[in-house]
Amino acid sequence: MSSREIGASNDALLQLSELDTFYGPSQVHFGMSLHVRRGEIVCLLGGNASGKSTTMKVILGLVKPRTGEIHFDGHDLRPLSTPQIVRLGIGSVPEARRIFGAMTVRENLLMGAYTRRDRAAVAEDYERVLEIFPRLRERLQQRGGVLSGGEQQMLAMARALMGRPRMICMDEPTMGLSPLFVDKVLDLIQTINAQGITVLMVEQSANLALQIADRGYVLQNGCIVVEGDARDLLLSSDIQEAYLGGQEYVI
Ligand SMILES: Nc1ncnc2c1ncn2[C@@H]1O[C@H](COP(=O)(O)OP(=O)(O)OP(=O)(O)O)[C@@H](O)[C@H]1O
Ligand SMILES: [Mg+2]
C-alpha cells in the first residue's frame, strides 16, 4: 500500500483506496479512500449527491470504479460479482430499504439467506434474528409492503443478517423514521455490532449517527474532506459548523 493513500490502515477489514468512479462521463468519486477496521461502527456523512450511496454500490460491486482498489479481508473485490462479494461476508441494507412488498416477512427473511446452503445454520440464524427483532416475529405472515416504515427498516436489517455477514453496509437506516424509531434502529445497530458484526453506515443525521459510531468520514463532492474519531467530530465546533450543519454537540 502506498503511503499516499489517505487513511490506509494495515488492520482494515475493508479498504477503499484512491477510487475514481464514474456514471458514464460524470465523475462521482475523486481519489476517494476510506477504511473500516474489524469490529468498528464507521459512519459516512455528507450532503446530497456527494457520492455516499455510490460508495455503498462500489463495495457491493453494483458499480465498478474506473481506478483505485477495494480490498475486503485480503480479497480484491474489483473483479468479483455482487453474489461473490455477498458470499465473502458483506451484507447490505440499501437506500430506501428495498424489501419485497408482496412477500411475507418470513419470505423476505429467507430471501436474505438465498446464497447459503447450510440449512441448519439458516434455521438457527432465523431464530436468532427474530430474538433481536421481536416485532418481526409478531408479523411473520404479514406482507412486507404493509409494514410501517420503521418495521420495514427492521426487516431490511434482519434480512441482511440472514446472510450471516461479517460486515454490514447500511444506507440511511434512519431516513424517514420518527424519533422513537430512529433511537430504536440506532440501538439495534449497536446490538448487531456487539455480536461481532462490523458496520459501515451512511447517514444524513450526522450527530445521531456519530453518537453510536467509532469513527466518521465526511464526503464532499466525491472527496473525503474530514476523517476522525466520532467523539472528536461531535465536539469540534469547526467541523460541526463547516460540514455537519449544526451547533457543537454536547454529550
Ligand atoms: N445510476 C446513475 N446514473 C447516473 N448518475 C448517477 C447514478 N446514480 C447516482 N448518480 C449521480 O451520482 C451522484 C452521487 O449520487 P449518490 O447517490 O452516490 O449520492 P448520495 O451522497 O448518496 O446522495 P443522497 O444523500 O441524496 O442519497 C449524484 O449526482 C447522482 O445524480
Ligand atoms: Mg444516497
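Nothing in this text is a laboratory measurement; each read-out follows from the coordinates by a stated rule. All values derive from a computational prediction rather than experimental measurement. Virtual Cβ from ideal backbone geometry, glycine too; neighbours counted across all protein chains shown.
What to note about this one:
- Label zone at residue 49, where the point sits 7 Å out along the Cα-to-Cβ direction: the stretch 212-233 residues whose backbone N lies under 19 Å: 219-225
- The stretch 22-83: C-alpha gyration tensor shape, a/c 1.5 cut-off, then a/b vs b/c: oblate
- Spatially proximal lysines relative to residue 184 (Cα-Cα < 25 Å; intrachain offsets below 8 disregarded): 52
- Span from the the stretch 106-172 Cα centroid across to the the stretch 36-50 one, whole angstrom: 23 Å
- Length gained on full extension, residue 146 to residue 225: 24.4 nm, using 0.36 nm per residue less the C-alpha separation.
- Each 10 Å bin from zero holds the following percent of Cα-Cα pairs in the stretch 55-179: 13, 42, 32, 12, 1.
- Close amide H partners of residue 13, meaning residues 5 or more places away or on another chain with modelled amide H under 5 Å apart, are 36, 37, 38.
- For the stretch 42-95, applying the loop criterion from DSSP together with a ceiling of 15 other beta carbons within 10 Å to the trypsin sites (Lys or Arg not before Pro) yields 66.
- Across the chain, Cα pairs under 8 Å and at least six residues apart give a relative contact order of 24 percent.
- Nearest-0.05 FRET efficiency for residue 204 and residue 123, computed from C-beta distance (R0 51 Å): 0.85
- Rounded to the nearest 20, the Cβ-based charge dipole of the chain about its Cα centre (Lys and Arg +1, Asp and Glu -1) stands at 1120 debye.
- Per-selection Rg to Rh, the stretch 175-222 - Cα, Kirkwood hydrodynamic radius: 0.98
- Cut-off under 5 Å, modelled amide H: who pairs with residue 224 long-range: 33
- Rg and Dmax of the stretch 191-251, Cα atoms only, in Å: 11.9, 35
- Shown is the FRET efficiency for residue 81 and residue 237, computed with R0 = 41 Å from the Cβ-Cβ distance and rounded to the nearest 0.05: 0.35.
- For the chain, calculated [θ]222 nm from helices alone, where every DSSP H run of n ≥ 4 adds -39500 (n - 2.57): -9500 deg cm²/dmol
- Computed over the Cα atoms of the chain, pair by distinct pair, the Kirkwood hydrodynamic radius stands at 18.5 angstrom.
- Once you divide the Cα radius of gyration of the stretch 133-216 by 2.2 N^0.38 Å, the number left is 1.06.
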